[in-house]
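The values are calculated or read from the model by the stated rules, or taken from the named source; none is laboratory data. Note that the coordinates shown come from a computational prediction; the quantities given were computed from them, not determined experimentally. Using ideal geometry, Cβ is built from the backbone for each residue, glycine included, and neighbour counts are taken over all protein chains shown. SASA here: full protein model, heavy atoms, side chains in, ligands and nucleic acids out. Shrake-Rupley method; radii C 1.70, N 1.55, O 1.52, S 1.80 Å.
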Amino acid sequence: MLLNIIMWIGLYPVIFIMYFVLKLSAKDRSGIVFGVRLPKAADGEEEFAALLEERRKIYYRQMRMTFFVFLVIPLISFLVPYFSIQFTIWMFWMLVAILFLELPYIRANRELVKWKKERRLAAAERAEQKETADSQENGSSKESRRVSENRDAEECDCVSKDRDAEECSRASESGSTKEAGCMPENRNEGKSSHAPELVRHFELSQAGAVRRVRAGSFLPPVIVSAAVVILAFLRSGTNGHYTGLLWIIPVFALCTPLFFAAAAWMDRQRTAVISRDSGINVNFARAKKQVWSRYWLFCAWLNTAFTALAALLVPREAGGSWLLWGCLLYTLILTAGSGKMAGKLSRLEERYAPQTDASVMEDDDDNWLWGCVYHNRSDKRVMVEARVGLGTSVNVATPVGRGLTVFSVFVLLMIPILCLWTIMVEFTPLRLEIRGDELVAEQLKTDYRIAVSDITELTLVEELPELSKIAGTGMDNLYKGKWHILYGDNCEVFLNPQNNLFLRFVSDGVLYYMSAPEDEETRALYEKLGGK
């Protein structure tokens with residue numbers, strides 16, 4: 001039940017985030033709809049608009065159906081009593097839900113890209129036919145003019161030569177050769193000379209040069225996070241349980257400067273140019289980067305608050321359980337903040353949509369696979385602005401991009417492997433037996449080897465103390481690893497909590513609780529170890 005609650009709070013919001021983020025892709029976002037750049041040519045705009053409107057209706061209908069189906073599927077996990085099966089249901093639900101929610105977007109993208117390609121091919125064919133017709137027409141007219149000119153020249157050549165010679169001779173004597181037309185003709189003379197047409201340029205680099213992240217704004221949360229870590233280490237010696245979970249505090253504290261690094265990196269990315277007016281580009285870039293800057297600062301302060309909360313909860317009894325609920329609260333607040341940021345970006349893009357000029361934007365649809373994956377060998381940037389969702393997308397044509405893609409694929413492939421491993425752990429019985437002079441505990445691997453001669457304070461107990469997991473496995477039928485006893489010390493655990501008999505003993509100063517698969521076997525081991 002606890003796993004379902006955790007997954008319900010931590011993973012269930014994923015489908016809501018995916019649904020509302022993907023719905024934004026159907027709107028005009030800086031000249032992009034469904035990951036496709038709006039066509040520049042005036043002809044065909046009405047046809048494209050009609051196709052887009054039809055595609056939107058289909059898209060919204062498919063999205064609603066997919067959303068409501070996957071909204072219900074996780075309820076199955078409440079009917080399953082096994083931890084590993086519940087975990088597998090949630091993991092595969094998340095992967096399949098993301099895939100199926102993406103499919104309507106991919107279909108819309110492919111249809112619009114196909115339309116644009118067909119329009120380009122048709123336009124190219126018309127241009128080629130017109131060029132061929134013009135060249136044929138020009139060739140025949142030139143030939144006819146040449147024949148006519150040759151004939152006229154032959155008939156008038158002798159008469160023209162005598163008359164021109166006589167006129168030029170008289171003009172030479174009077175000094176008016178220019179007026180008589182005997183000087184070489186100036187082809188440009190008499191024609192109106194116009195200045196080159198003034199082309200209005202727009203600055204492409206100004207928008208990318210806008211900076212909204214200030215290091216001073218992120219300095220306080222970084223300092224507070226560092227102070228929390230220092231205080232936690234200073235107090236760690238007073239509580240043994242604290243030292244077991246101490247590593248959590250610096251790990252979370254390190255996320256605070258990472259948020260600043262992410263903010264600074266995104267702030268240096270060039271924002272898309274949407275207009276020929278430099279002022280519009282700069283204002284759009286400034287407003288967009290301001291939204292992102294505030295979001296990253298919110299994340300930094302939220303992470304700092306959670307780090308301080310972890311430092312307070314960890315040394316307490318059952319601190320691990322309280323820390324788990326703190327993580328869930330952290331996730332909910334972060335999700336709500338991300339949704340608010342997405343809404344602000346959407347409203348910003350809608351506000352600037354009337355000022356967007358598609359003619360200034362590069363039509364690079366061919367570099368986007370399904371409108372999701374960016375692949376451009378001529379672009380050396382590792383990250384570019386994403387066409388679907390929020391933030392950036394990796395350029396898989398770069399070495400870093402390929403490395404990140406391979407790592408992402410590896411992580412995705414690890415999910416079913418992790419599910420399979422969890423199932424094997426839960427359904428593989430424990431083995432606890434004496435081999436030679438050692439007590440051996442095994443499940444999938446050898447977990448413990450304890451010399452029988454080192455075992456002291458051996459007792460057979462019928463009830464476990466209240467335990468809180470520090471590190472290891474905690475399922476309904478399996479406790480394994482390092483645990484903490486409420487109002488007591490830490491201990492090593494290897495048992496089935498559904499049993500009724502357990503071995504309690506000390507070895508090399510470490511307290512152990514163990515059990516065999518069945519109570520009868522546990523009692524037999526107790527007697528073999530010298531218990532009375």
For this session: Can you pull the one-decimal nm distance between simple spin-label points at Phe78 and Glu111, each 7 Å off the Cα toward Cβ?
Result: 3.7 nm
Exercise. Accessible surface of Glu54 in the full protein assembly, 1.4 angstrom probe, to the nearest 10 Å²?
Worked result: 100 Å²
Seminar exercise, completed: Stretched fully, the stretch from Gln129 through Arg61 gains (0.36 nm per residue minus C-alpha distance, one decimal, in nm) 20.3 nm
Exercise. Based on the Cβ-Cβ distance of Thr459 and Ala215, what FRET efficiency does E = 1/(1 + (r/R0)^6) give at R0 = 51 Å, to the nearest 0.05?
Worked result: 0.30
Seminar exercise, completed: The simple spin-label model distance between Lys445 and Gln290, using points 7 Å out along Cα→Cβ, in nm, is 5.4 nm
Seminar exercise, completed: Taking 0.36 nm per residue of separation between Phe427 and Val411 and subtracting their Cα-Cα distance, the length gained on full extension comes to 3.3 nm
For this session: Quick one: go through segment 6-36 and flag any residue whose amide nitrogen is under 20 Å from the point 7 Å out along the Cα-to-Cβ line of Leu328.
Result: 6-17
For this session: State which entries of Lys57/Lys117; Lys482/Lys528; Lys117/Lys340; Lys445/Lys469; Lys57/Lys130; Lys27/Lys289 exceed 32 angstrom in Cα-Cα distance in the structure shown.
Result: Lys117/Lys340; Lys57/Lys130
Seminar exercise, completed: Counting only protein heavy atoms and leaving out ligands, DNA and RNA, the solvent-accessible surface of Leu246 at a 1.4 Å probe, in Å² to the nearest 10, equals 20 Å²
Problem set entry | Where Cys419, Cys372 fall by accessible area, highest first, once all protein chains stay in place (1.4 Å) | Cys372, Cys419
For this session: Would you calculate the separation in nanometres between label points at Glu53 and Trp8, each defined as 7 Å from the Cα along the Cα-to-beta-carbon direction?
Result: 4.4 nm
Seminar exercise, completed: Sorted largest first, the C-alpha extents of segment 383-516 along its principal axes in whole angstrom are 64, 35, 27
Problem set entry | Accessible area (Å², per residue) of segment 53-113, counting only protein heavy atoms and a probe of 1.4 Å | 52 Å²
